[in-house]
Amino acid sequence: MEELTAHIAALGEKPFRAKQLYQWMHRKLADSYDEMTNLSAALRGKLRDTCEYIHLEMVDRKISAVDGTEKYLFRLADGSVIESVLMRYHHGNSVCISSQVGCRMGCRFCASTIGGLTRNLLPSEMLDQIYQIQKISGERVSNVVVMGTGEPLDNYDNLLRFLRILTDENGLNISQRNVTVSTCGIVEKIRALADEKLQITLALSLHASNQEKRKQLMMVAHKYELQDVLDACRYYFDQTGRRITFEYSLVGGVNDTEQDARELAALLSGLNCHVNLIPVNPIKERNFVEPERAVVQDFKNKLEKYRINVTIRREMGRDIAGACGQLRKSYIENQK
């Protein structure tokens, strides 16, 4: 709002115009200056001449026949495509957004990273995923998870700007406590985010109970030692008081054994945390398989025996390529 006020003043306009413009963008969710009917034609002309107005175009929308989950594919101004997901829960609607076009983290079980990283998303491109979904669905979004395509902390400055606008009282005013940011474990950025002392939830993609196994599944583990990642998570909790969520994708025969459960429990002992078990969503480029349901339940039971707070993530959108990167990847392949 401060920057917008300064820009409006530089255009020779009165300061209250900035608030009108901000509300058109972040509350009324206008798709263009043409919709801003209480701004003069002259001011709208000045804005067109001096600013780029970001608007995502929906190119595909799939709705699950199983649970009503909606997956969206949006086209950006440069022709790139990104995906977002609307999930309905009893506690409200949650939107999962992308933070990058593609991803360079190289996690072996994820479709998002297969084509590598194209570019970072702007804060406006992150915001408009939520805005467009709210407009198209006609429903209020109350929770946001930055867990779609991309590594949010690899786009750190734009992520911070996005978070501040998303939770600003002049916009959608979504509570920081209703926002989750996922990371594969960029240690220095976790610590920097902790120092911001935001009240968002940090979700760490863990996926292994030891360093060697993590290296097999996640390229980032070749740069950061697991203990350093966990120390950063402890620091995040110390600075914010927010419980850490650990995401653990269960891959059949790879990280779902009794020893894995025992090691994982020892690793997280004493940490104020919650473990989210995710049966892996198989992709054709990898030979990973989803564990049997009984194996997943047994893994959960073992963690609970060791007094670890744990849930099995409810599968949503499986019939519409709900996992990260799948819809975007198939769309790109079909364009070739």
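The values are calculated or read from the model by the stated rules, or taken from the named source; none is laboratory data. Bear in mind the structure is a predicted one, so any value in this text is a computation, not a measurement. We place every Cβ from the backbone using ideal geometry, glycine too, and count neighbours over all the protein chains shown.
Annotations for the structure displayed:
- Options D168, D238: the member that is touching a residue at least 40 places away in the same chain (Cβ under 8 Å), surrounded by fewer than 16 Cβ atoms within 10 Å (Cβ to Cβ) and in contact with a His (Cβ under 9 Å, 6 or more places away or on another chain): D168
- Of the residues contained in segment 317-325, one or more are found to be of a type outside the set (D, E, K, R) and either modelled with pLDDT of 90 or more or out of contact with any strand residue (DSSP E or B) (no Cβ under 9 Å at 6 or more places or on another chain) (or both).
- Test for S94: is it under 14 Å from the mean Cα position of the chain (by Cα) and within 30 Å of K223 (Cα to Cα): no
- First in segment 245-260 and without any contact (Cβ under 8 Å) to a residue 40 or more places away in the chain and assigned by TED's automatic domain parsing to the domain that holds I190, second anywhere and in a loop (DSSP other than H, G, I, E, B) and of a type in the set (A, V, I, L, M), Cβ under 9 Å, 6 or more apart: G253/V289
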